[in-house]
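One structure is given here, and the rest of the page talks about it.
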Amino acid sequence: MTKEEIREAVLQILEDIAPDEDLSDLKDDISFREQLELDSMDFLDIVMELRRQYRVNIPEEDYPALDSMSSTIEYLAPRMTDIQK
């Protein structure tokens, strides 16, 4: 997957988890938690959806790498290169 495809995949997961949030103004370099009303369970849902949909295993110690859109894309890019959208 390209970085743009990964971004779209993450946006789709965020839409599913937080359907009332406006994602159109989401800033890539600002923490998801600062921009969206996500709690720790929502964050775990994101991790679980990435695992379920794309078979990406994210160890707990790597969770801080999923803080913002840009850091999430950078973390996922090498792990999702062989995944077809």
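The values are calculated or read from the model by the stated rules, or taken from the named source; none is laboratory data. Every value quoted in this text rests on a predicted model; they were computed, and no experiment measured them. Every residue, glycine among them, receives a Cβ derived from its backbone with ideal geometry; neighbour counts consider all protein chains shown. Accessible surface is based on the protein model in full, side chains and every heavy atom, while ligands, DNA and RNA are left aside. Shrake-Rupley method; radii C 1.70, N 1.55, O 1.52, S 1.80 Å.
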For Lys27 and Glu5, extending 7 Å from Cα along the Cα-Cβ vector and measuring point to point gives, in nm, a value of 3.0 nm
Pick out, in residue order, every one of the trypsin sites (Lys or Arg not before Pro) in segment 4-55 that is DSSP loop and has at most 15 other C-beta atoms within 10 Å; say none if there are none. Lys27, Arg55
Roughly how many debye, to the nearest 20, is the charge dipole of the chain about its Cα centre, given +1 on each Lys and Arg Cβ, -1 on each Asp and Glu Cβ, and no other charges? 540 debye
Where the accessible area of the chain is counted over protein heavy atoms with a 1.4 Å probe, how much of it, in %, is carbon and sulfur? 45 percent
Counting each DSSP H run of 4 or more residues in the chain as -39500 (n - 2.57), what helix-only mean residue ellipticity at 222 nm follows after dividing by all residues, to the nearest 500 deg cm²/dmol? -14500 deg cm²/dmol
Compute the accessible area per residue over the chain, keeping the other protein chains in place, probe 1.4 Å, unit Å². 63 Å²
Label model pair Asn57, Leu44: point-to-point distance (7 angstrom along the Cα→beta-carbon line) in nm is 1.9 nm
Between Glu37 and Ala65, Cβ-based FRET efficiency (R0 35 Å, step 0.05) works out to 0.95
How large is Rg/Rh for the chain, to two decimals, with Cα atoms and a Kirkwood Rh? 0.92
